[in-house]
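Inspection log for the structure reproduced underneath, given as structure tokens.
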């Protein structure tokens, strides 16, 4: 148990020799260290799951999870250890604001992959719907590429069919007239196969040939239209039906189900706020807790260090000024001796 507390004290970022001089603070900093440690653990789990959904490789997910967890752990440890208790709460809050914002951002990043895992069943169902919508969009785009050609062929086919209907009616009429001329029930009322019958028969045969030509044209247009339809069907069949299972697709599915379901939206917010509370807990514990013996010892240590540095700086400044004064005095004495020496030389 003592070893566990020792480990959590190390995680808190406190100076252990100084903290042992304030035994009443041990439990508080052990709790802070435990919060920092488990935040790093949650970050590692979240990163591992996120990388697993992307690469589907256990060793890549495990390696990145360890690196990400250690990075978040070290960052949280630095944030907590860099906060110091001040005499004024407003000053402490101002100094802690950037750390709180950073902790909130870290919490949001950590919570999102875990939210994806918690709502995995609902997300999988939504992904199926998204896949079907994507396939329909792809099929619509394929059909759109051949739409103009298909419409052109259908328009020509309708026109040919209308001409065939007109030509069929004309052919039937001419054939009837020729038949009536042949049996004497119409036309000249003479039952024979004379020139009048032959002329009417030629008109009927011409109409039949025109109808046959239109029928061949209709058959060709239908064959070409069927070819276009088969090409569209082949392109649709050749579309890649890959599953939507990536991180971006899961995030989009989560956004859609939270937008459609109020209970899931509230649950999503509460999960994120839970991680925000966990991540910011060490910062707020340091912020709202009263000054303790450890804070006084830390201030004394910093004050002693500042005074020692100030003393060393003052001593160094005095030594420097003394050396400068000695150099200036030596320079002045040499200038004072120089004229008398030159006068004795000239006299001799």
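The values are calculated or read from the model by the stated rules, or taken from the named source; none is laboratory data. On a predicted model such as this, the values are computed, not experimentally measured, just so you know. Glycine gets a Cβ as well: all are built from the backbone with ideal geometry, and neighbour counts include every protein chain shown.
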Counting only residues that are more than 60 Å from the chain's Cα centre (by Cα) and free of Cβ contacts under 8 Å to residues at least 40 places away in the same chain, which one in region 157-169 is farthest from residue 220 (Cα to Cα)?
169
Tell me the residue from 22, 14 that is touching a residue at least 60 places away in the same chain (Cβ under 8 Å), under 13 Å from residue 282 (Cα atoms) and either in contact with a helix residue (DSSP H, G or I) (Cβ under 7 Å, 6 or more places away or on another chain) or outside the structural domain of residue 285 (by TED's automatic domain parsing) (or both), please.
14
Reported set for region 177-203 where residues are modelled with pLDDT of 70 or more and loosely packed, with under 14 Cβ neighbours inside 10 Å is 198, 199, 202
More than 27 Å from the chain's Cα centre (by Cα) and over 17 Å from residue 116 (Cβ atoms): is that true of residue 277 in this structure?
no
Looking at the structure I just gave you, is residue 319 more than 52 Å from the chain's Cα centre (by Cα), surrounded by fewer than 15 Cβ atoms within 10 Å (Cβ to Cβ) and not assigned by TED's automatic domain parsing to the domain that holds residue 119?
yes
Can we say residue 216 is assigned by TED's automatic domain parsing to the domain that holds residue 145, surrounded by 15 or more Cβ atoms within 10 Å (Cβ to Cβ) and modelled with pLDDT of 75 or more?
no
Could you list, in sequence order, the residues of region 75-93 that are part of a helix (DSSP H, G or I), modelled with pLDDT under 75 and out of contact with any helix residue (DSSP H, G or I) (no Cβ under 9 Å at 6 or more places or on another chain)?
90, 91
Quick one: in region 1-11, of everything that is over 20 Å from residue 287 (Cα atoms) and touching a residue at least 12 places away in the same chain (Cβ under 8 Å), which residue is surrounded by the most Cβ atoms within 10 Å (Cβ to Cβ)?
5
Just checking, how many residues over region 22-58 are surrounded by 13 or more Cβ atoms within 10 Å (Cβ to Cβ) and more than 30 Å from residue 245 (Cα to Cα)?
13
List pairs: first residue in region 114-143 and in the same structural domain as residue 256 (by TED's automatic domain parsing) and without any contact (Cβ under 8 Å) to a residue 12 or more places away in the chain, second residue in a helix (DSSP H, G or I) and surrounded by fewer than 19 Cβ atoms within 10 Å (Cβ to Cβ) anywhere in the structure, Cβ distance under 9 angstrom, at least six positions apart or on different chains.
125/257; 129/256
Within region 225-260, residues surrounded by 14 or more Cβ atoms within 10 Å (Cβ to Cβ) and either under 30 Å from residue 117 (Cβ atoms) or at pLDDT 85 or above (or both) come out as 244, 245, 247, 249, 250, 251, 252, 253, 254, 256, 257, 258
